[in-house]
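Asker: Before I ask anything, let me first share the structure, which is written out below as structure tokens.
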Amino acid sequence: MWSETGPLRYERLTWPEVARAAGQDRVALVPVATLEDHGPHLPVDTDLRIVSEICERAAARAADRVVLLPAIPHGYDPHHLDFPGAISIGWDTFVRYCSDVGRSLAHHGFRRMLFLNGHGSNQNLVETAARLVMVDRPEVLAAAAFYLASPAAFEVIDRVRESTRGGMAHACELETSIYLAIDPDAVAMELAVDERSYPEGEHAWLDWSDGPLKLMPWWSSFSRSGVQGDATLGTAAKGQALLETAVTECVAYVDELLAKPLPERRPPAIGS
């Protein structure tokens, strides 16, 4: 049912309430993630738990202008399948799934939507899905973003991190810290290890912002623990700062989407 205080949850609405939410020009916020190994110390739901928490808090903070969708839990990660726990969806199936969610929302009257992604290998595919929604529905704004990817977020990352480049890649200082801030009892810090085994070079490296040369072999070909980075540097205090920044970032994306005019397809001008 409709909530006047907390986040407005799409799945808890009746169909007349869904129509009401669409009529209010709310942003439909869709968390997207995957299940996969995150070292010996973090649960396989790390990507899902983190991005869901960010969206939950953002939807609560922007309760009058967001409707929160259930998370898409499975993504594209075939290179992780040597580690027990990974569930990978074919890239084309995944793109169609995400775009079908967006098209369904557009069909019901939502004109602004944000897919917030929490798994690196999903990103290009989520962006493609958002673009396909806008190709099919020219009156819709469908956006995709990865969390903690804005200039303001990178300033906070640089301020809180103790590791050098490569220390924040996967099951790392950053993800471990955020999970500690969300649910410390689910993190086995006594099992945390540091591993930097990715074959990086001048242009290809793994960190929260990867190098410009994209190269992703089977994860097991270079990682023994599943970790890439410095997991032992994770702390709840860092995680609180990073989580707050991610929520603020998400709300800023929502507000920017609301400030933009809806697109209108029209024939190109011939001459002037």
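Asker: Stokes-Einstein D for the range 157-235 at 10 °C, 1.306 mPa s, Kirkwood Rh over Cα pairs, in µm²/s?
Answerer: The estimated diffusion coefficient comes to 124 µm²/s.
Asker: Which of the GluC sites (Glu not before Pro) found in the range 1-77 are in a DSSP loop and have at most 13 neighbouring Cβ atoms, other than their own, within 10 Å?
Answerer: Filter output for the range 1-77: GLU4.
Asker: Before I look further, what does the range 118-206 give for accessible area per residue, probe 1.4 Å, in whole square angstrom?
Answerer: That works out to 44 Å² per residue.
Asker: In addition: Which residue fluctuates most in the GNM of the chain (Cα springs below 10 Å): SER99, SER197, SER52?
Answerer: It is SER197.
Asker: A further question follows. Hand me the GluC sites (Glu not before Pro) from the range 220-265 located in a DSSP loop with no more than 15 other Cβ atoms within 10 Å, in residue order please.
Answerer: GLU264
Asker: Under 5 Å between amide hydrogens, which residues at least 5 positions from ALA28 or on another chain qualify, with H placed 1.01 Å from N in the peptide plane?
Answerer: The list, which skips near neighbours in sequence, is VAL67, ARG112, MET113, LEU114.
Asker: What angle, in degrees between 0 and 90 and rounded to the nearest 10, separates the Cα long axis of helix 91-107 from the longest principal axis of the Cα atoms of the chain?
Answerer: Taking the Cα atoms of the chain, the angle to 91-107 is about 30 degrees.
Asker: Here's a follow-up. To the nearest 20 debye, what charge dipole does the range 7-160 have about its Cα centre, counting +1 at the Cβ of each Lys and Arg and -1 at the Cβ of each Asp and Glu?
Answerer: That gives a dipole near 720 debye.
Asker: Could you bin all the Cα-Cα distances of the chain into 10 Å bins starting at 0 and give me the percent of pairs in each, rounded to whole numbers?
Answerer: Per 10 Å bin, starting at 0, the Cα pair percentages come out as 7, 29, 34, 21, 8, 1, 0.
Asker: Under 5 Å between amide hydrogens, which residues at least 5 positions from HIS74 or on another chain qualify, with H placed 1.01 Å from N in the peptide plane?
Answerer: Under 5 Å from the amide H of HIS74 lie the amide H atoms of ALA33, each far enough along the sequence or on another chain.
Asker: Then there is this: Between VAL193 and ALA152, how high is the FRET efficiency from 1/(1 + (r/R0)^6) when r is the Cβ-Cβ distance and R₀ = 41 Å? Nearest 0.05.
Answerer: In this case the efficiency is close to 0.85.
Asker: Considering the Cα trace of the range 18-165, what is its radius of gyration and what is Dmax, both in angstroms?
Answerer: Considering the range 18-165 through its Cα atoms, Rg and Dmax are 16.0, 49 Å.
Asker: Across the chain, where is the longest run that never hits trypsin sites (Lys or Arg not before Pro) in a DSSP loop with at most 11 other C-beta atoms within 10 Å?
Answerer: Value returned for the longest uninterrupted segment is 1-213.
Asker: While we're here: Cα convex hull of the range 20-95: how many Å³ per residue?
Answerer: 85
Asker: Sticking with this structure for a sec: On the accessible surface of the range 41-168, probed at 1.4 Å, how many percent belong to carbon and sulfur atoms?
Answerer: Of the solvent-accessible surface of the range 41-168, carbon and sulfur hold 54 percent.
Asker: Helix-only estimate, please: 222 nm mean residue ellipticity of the chain, summing -39500 (n - 2.57) across DSSP H runs of length 4 or more and dividing by its residues, to the nearest 500.
Answerer: Taken over the chain, the calculation gives -12000 deg cm²/dmol.
Asker: Relative contact order for the chain: what percent, with Cα pairs under 8 Å and sequence separation of 6 or more?
Answerer: 22
Asker: Also, quick follow-up: Please list, by residue number, every one of the GluC sites (Glu not before Pro) in the range 120-185 that is coil in DSSP and has at most 16 other beta-carbon atoms within 10 Å.
Answerer: Passing sites in the range 120-185 are GLU139, GLU162.
Asker: With each label point set 7 Å from Cα along the Cα-Cβ vector, what nm distance links ARG266 and GLU162?
Answerer: According to this spin-label approximation, the distance is 5.8 nm.
The values are calculated or read from the model by the stated rules, or taken from the named source; none is laboratory data. These numbers come from a predicted model, not from an experiment. Neighbour counts are summed over all protein chains in view; Cβ atoms, including those assigned to glycine, are modelled from backbone coordinates with ideal geometry. Heads up: the accessible areas ignore ligands, DNA and RNA and are worked out on the full protein's heavy atoms, side chains in. Shrake-Rupley method; radii C 1.70, N 1.55, O 1.52, S 1.80 Å.
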